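Okay, so here's the structure we're looking at.
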Amino acid sequence: MDYGPAPESDAEVRAWLATHKSSFGHFIGGKFVPGAKHFDSTEPATGKFLARVAEGSNKDIDAAVSAARRAQGPWEKLGGHGRARHLYALARMLQRHARLFAVLESLDNGKPIRETRDLDVPLAVRHFYHHAGWAQLQDSELAAYKAIGVVGQIIPWNFPLLMLAWKVAPALAAGNTVVLKPAEFTPLTALLFAELAHKAGLPPGVLNVVTGEGATGAALVEHAGVDKIAFTGSTEVGRLIRKATAGTGKSLTLELGGKSPFIVFDDADLDGAVEGVVDAIWFNQGQVCCAGSRLLVQEGVATEFIKRLKRRMGKLRVGHPLDKSIDMGAIIDPIQLKRIGMLVDKGVAEGAEKFQPEITLPATGCFFPPTLLTNVETSSTVATEEIFGPVLVSMTFRTPDEAVMLANNSRYGLSASVWSETIGLALDIAPKLQCGVVWVNATNLFDAAVGFGGYRESGFGREGGREGIYEYLKLKAWAARKPKAVQRIAIEAEVKPNFDEPSVDRTAKLFIGGKQARPDGNYSRTILSPSGKIVGEVGEGNRKDIRNAVAAARAAEGWSKATAHNRAQILYYMAENLSARADEFASRIKAMTGVSKAKSEVKASILRLFSYGAWADKYDGAVHSPPLRGVALAMNEPLGVVGMICPDEAPLLGFISLVAPLIAMGNRAVVVPSERHPLAATDFYQVLETSDVPAGVINIVTGGRDTLLKTLAEHDDVDGLWVFGSKENSASAEKLSTGNLKRTLVDHGLATDWFDSASSEGPVLLRHAVQVKNIWIPYGE
Ligand code: ADP
């Protein structure tokens, strides 16, 4: 049987365009505002003109940010319930105009109406309902947090309305106001949304839309009035944005590219897995950041699987997006079409075998056939680069270990699909995959209650779920922090001759891989009291020492796999051993810093170790309930190896407050203790040595904070970076860590009260010590 075309009418969309004479300005402060320059948005399926949109200038961005700023206070003051009502109204508005949005999206983007109607629009609706709920619960569930302020959001063209919903719904729910920059190829559903949102009563300035290209996005990123940037797009632009926001205090979430594995074991339901592949790579023409674009098939079934897959490919229908019976629509733009073609040619030149089924493509417009590349080398361009088109590359593996190795052989880490009828095997593989989302016997499942986001160069931050709402909130206690007081630096000239007591201790070494180690450079630094008295000497660590420490931390991988119970026991043991030497630590702190509360600092440090012993097996993720047959396990996984710059204030308590949450969650740390007062940390070696802390879990390198920080920030084997030093330290941590897109937590030179548990203990830090992996598992009837 063959299907005839079943075209969806575009009359309503044409009528809406006509009311605007097919020409749009920006949507700022509740109304359309004309732009100075314009460009055309075309239909990818036909190449025909669709509408004229404005090219946003710095002035337009400025006007939009001002409108958002004016609206932010009143919007936040409206309270959780007030905002919940607005978000609910937006969900209802989307539902009422569902078909209009679906058709407009298909025309502007080229994706099949089946997908916009059945997926993009319903999921967008779901996001507004879900986040209306977070607004409602904010006062009770998120009481320690408040809105960040004005948020700049930049989204791509592959899911224009859905990405708007993912970004706008949580931002508004939490009490922020928004300036949104849609992608240049697909601005229309955002403009329609803004217009209808205001008809549905959304106050002016709460949501502003400025259209334009990359330069408009860059202007938004750089605007001083923006408090946060949320970006979805390429890793390349993500890096630029990380650099541009470094040191500004703007918070940032990045959802970037991927090259996600689709793993088929020999006991998988092969026909089910073939359908999975269709969804993984030909859904939305493969223009999906989490597309399952690397097929890994177990050797024994590879020939059969590829045979069935090719047969299925021959049945795919490529055609006009408004035809309800097609599987694949148009590629977004001729530039992208050309790029896909070039990458496929390159794959073939590098030895791949190309298969494209004999199916007819529309004679005009931007279309590319479903493509399979077999015989692909793991290092070839098509196996490593994101193609962002309907192109699947396939490789084989022999054992589960090899599957994991191949799957993780990527700088990205967005998602993975695992297909096996053996639950034990699938659940053994899921934790080993370095990515933010794992689908078991499924693919491309999304929901507002389930966080989405990447590991490694796929970016940081989550969208959706409890883990996602935090990205639009800031801790009240941190928002109230003031810049650190400038400490008087004792200089050598002030050192007073002292004949009555031998004041110099032995020189403390570094602590690397469980052993005390002499610094590579064989230099030491003198540690002075505030009055200039010599209180000790420590090793002057250099780049090489940091590298050794990182290697030791890398090798201590067993810690990340140790049970939480085991980690808790060791934290308690550290507390006990510190307790036994409390007086000694107190007098050391007093000698170094001159403070009177040295005893209470030691006491607070012991309590803190106890607290994280308690938290180790209690900060334990969640089971999300998406509205379909299955659950998603939100697992709190460690970041890996984390570099850390400790504060000068509270030299022991600051050090403990940062190290303890990290190791409680299974991270391994490379710690640069307080530059001025490092002796509390070097004294701590003996506590570490007597507390069964495995070698390499905590490594300590004393020395000059600026140079050691630089090496840590640039090191590609360091996954996270916590910096509690100067304002400049925070800026360089954010700027220099873009190579592998480290997760950073910095204090921007603001003073944290380490004695106040509300601002320095528990979930406030634990949340930064983990990244959430959501594992979708079929469950229930
Ligand atoms: P894609 O591969 O999805 O096209 P891009 O990263 O190029 O990814 O684009 C995603 C979004 O980022 C688009 O809205 C685009 O206009 C915007 N953009 C591109 N360059 C920049 C930049 N330098 N600064 C900010 N936004 C940018």
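The values are calculated or read from the model by the stated rules, or taken from the named source; none is laboratory data. Treat the numbers as computed from the prediction; the structure is a model and nothing was measured. Positions of Cβ are generated from backbone atoms using ideal geometry, with glycine treated the same way; all protein chains shown enter the neighbour counts. Heavy atoms of the whole protein, side chains included, go into the accessibility calculation; ligands, DNA and RNA do not. Shrake-Rupley method; radii C 1.70, N 1.55, O 1.52, S 1.80 Å.
Roughly how many whole Å is it from the C-alpha centroid of the stretch 81-111 to that of the stretch 639-694? Cα centres, the stretch 81-111 to the stretch 639-694: 49 Å. In this structure the chain gives 38 Å² per residue of accessible area when probed at 1.4 Å with all protein chains present.
Between the amide H of ALA442 and those of VAL418, distances stay under 5 Å, these residues lying 5 or more places away or on another chain, with hydrogens modeled in the peptide plane. Neighbours of GLY258 by Cβ distance under 13 Å: Lys/Arg scored +1, Asp/Glu scored -1, total 0.
Each residue of the stretch 704-713 was assigned a 3J(HN,Hα) from its phi angle through the Karplus curve 6.51 cos²θ - 1.76 cosθ + 1.60 (θ = phi - 60°); the sequence is x, 4, 5, 6, 5, 4, 4, 5, 5, 5 Hz, with glycine and proline shown as x. Enter the Cα centre distance for the pair the stretch 158-235 and the stretch 698-773, rounded to the nearest angstrom. Going from one Cα centre to the other spans 30 Å. Here the stretch 192-351 was treated as a single set of alpha-carbon atoms; its pair distances binned every 5 Å from 0 give 2, 7, 11, 13, 15, 14, 13, 10, 8, 6, 3, 1, 0 percent. Rounded to the nearest 10 degrees, the inclination of helix 160-173 to the longest alpha-carbon principal axis of the chain is 40 degrees. Translational diffusion coefficient of the stretch 671-781 at 10 °C, 1.306 mPa s, Stokes-Einstein with Kirkwood Rh over Cα pairs, in µm²/s as a whole number. Taking Rh from Cα pairs, D becomes 98 µm²/s.
Nonpolar atom fraction for the chain, defined as the carbon and sulfur part of the 1.4 Å probe accessible area, stands at 54 percent.
How many lysine pairs are close in the stretch 1-106, with Cα atoms under 18 Å apart and the two 8 or more places apart or on different chains?
Values: LYS21/LYS31; LYS21/LYS37; LYS21/LYS48; LYS31/LYS59; LYS37/LYS59.
Total qualifying Lys-Lys pairs in the stretch 1-106 comes to 5.
Under the √(5λ) rule applied to the eigenvalues of the Cα gyration tensor, what semi-axes describe the equivalent ellipsoid of the stretch 100-231? Give them in Å, descending. Mind dumping the intermediate values first?
Values: eigenvalues 115, 74, 28 Å².
That gives 24, 19, 12 Å for the three semi-axes.
Compared with the dominant Cα axis of the chain, that is its longest principal axis, helix 334-349 is turned about 70°. Give me the distance between the Cα centres of the stretch 313-333 and the stretch 515-541, rounded to whole Å. Each part's Cα centre sits 68 Å from the other's.
Maximal additional length on extending the ALA200-ALA143 stretch stands at 17.7 nm, based on 0.36 nm per residue less the C-alpha distance. When the Cα convex hull of the stretch 614-725 is projected onto planes of every orientation, the mean area is 8.9 nm². When only alpha carbons of the stretch 1-42 are considered, Rg and Dmax amount to 16.3, 54 Å. Using only Cα positions of the stretch 247-324, each an equal point scatterer, no hydration layer, compute I(q)/I(0) via Debye at q = 0.20 Å⁻¹ and quote the log10 values to two decimals. Log10 I(q)/I(0), no solvent term: -0.92. What the phi angles of the stretch 603-620 give under the Karplus curve with 6.51, -1.76 and 1.60, with θ = phi - 60°, is a coupling list of 4, 5, 5, 5, 4, 5, 4, 4, 4, 6, x, 5, 5, 3, 9, 10, 8, 10 Hz, glycine and proline written as x.
Once backbone amide H atoms are built at 1.01 Å from N, VAL535 has ILE527, LEU528, SER529 as its partners under 5 Å, excluding neighbours fewer than 5 places away on the same chain.
Simple rule: put +1 on each Lys or Arg Cβ and -1 on each Asp or Glu Cβ in the chain, find the dipole, and look at LEU316, PHE511, GLY212; the Cα lying farthest toward the positive end is GLY212. For the chain, the ratio of Cα radius of gyration to the globular rule of thumb 2.2 N^0.38 Å stands at 1.01.
Among the listed pairs LYS515/LYS735; LYS476/LYS618; LYS259/LYS742, which have their C-alpha atoms separated by more than 21 angstrom in this model?
Values: LYS515/LYS735 32 Å; LYS476/LYS618 23 Å; LYS259/LYS742 19 Å.
In this structure, LYS515/LYS735; LYS476/LYS618 lie more than 21 Å apart at Cα.
When only the Cβ of Lys, Arg, Asp and Glu is charged (+1, +1, -1, -1), the dipole of the chain relative to its Cα centre reaches about 1800 debye. Neighbours of VAL206 by Cβ distance under 12 Å: Lys/Arg scored +1, Asp/Glu scored -1, total +2. Give, as ranges by residue number, the residues of the stretch 677-709 whose backbone N falls under 20 Å from the point 7 Å along Cα→Cβ of THR526. Within reach of a label on THR526, which here means backbone N under 20 Å from a point 7 Å along Cα→Cβ, the stretch 677-709 contributes 677-680, 702-705. Grouping the Cα pair distances of the stretch 36-114 into 5 Å bins from zero gives a pair-distance distribution of 3, 12, 11, 13, 14, 19, 16, 8, 3, 0 percent in increasing distance order.
For the stretch 606-732, what does the relative contact order come out to in percent, with C-alpha contacts under 8 Å and a separation of six or more?
On the way: 177 pairs, mean separation 35.1, N = 127.
Dividing the mean separation by the residue count of the stretch 606-732 yields 28 percent.
Taking Lys and Arg as +1 and Asp and Glu as -1, the other residues whose beta-carbon sits under 12 Å from that of PRO627 total +1. On the beta carbon distance between ARG543 and LYS243, with R0 = 22 Å, the FRET formula returns roughly 0.50.
Extension gain LYS59-TYR779, at 0.36 nm per residue separation less the Cα-Cα distance, in nm?
Values: separation 720, 0.36 × 720 = 259.20 nm, distance 5.19 nm.
Once the chain is fully extended between LYS59 and TYR779, it gains 254.0 nm.
Sorted largest first, the spans of the alpha carbon positions of the stretch 279-372 along the three principal axes are 41, 30, 26 Å. Quick note on the stretch 1-134: its Rg to Rh ratio, both from C-alpha atoms and Rh being the Kirkwood radius, is 1.03.
Estimated from helical segments only, the mean residue ellipticity of the chain at 222 nm is -12500 deg cm²/dmol, where each DSSP H run of four or more residues counts as -39500 (n - 2.57). As a calculated quantity, the FRET efficiency between LYS338 and LEU607 at R0 = 51 Å, using C-beta atoms, amounts to about 0.25.
Between rounded, prolate and oblate, where does the stretch 591-652 land on the alpha carbon gyration tensor, with a ≥ b ≥ c its root eigenvalues, rounded for a/c under 1.5, else prolate if a/b exceeds b/c? Show your work: numbers first, answer last.
Numbers: a/c = 4.71, a/b = 2.75, b/c = 1.71.
In terms of gyration-tensor shape, prolate.
Hey, what angle do you get for helix 98-109 against the long axis of the chain, alpha-carbon based, 0 to 90 degrees rounded to 10? Long axis of 98-109 versus the principal axis of the chain: about 90 degrees. In this structure the amide hydrogen of LEU392, modeled in the peptide plane, comes within under 5 Å of the amide hydrogens of THR371, LEU372, LEU373, none closer than 5 places in sequence on its chain. Normalising the average separation of contacting C-alpha pairs (under 8 angstrom, six or more residues apart) by the number of residues puts the relative contact order of the chain at 12 percent.
Between LYS476 and HIS20, the contour length at 0.36 nm per residue exceeds the Cα-Cα span by 159.8 nm.
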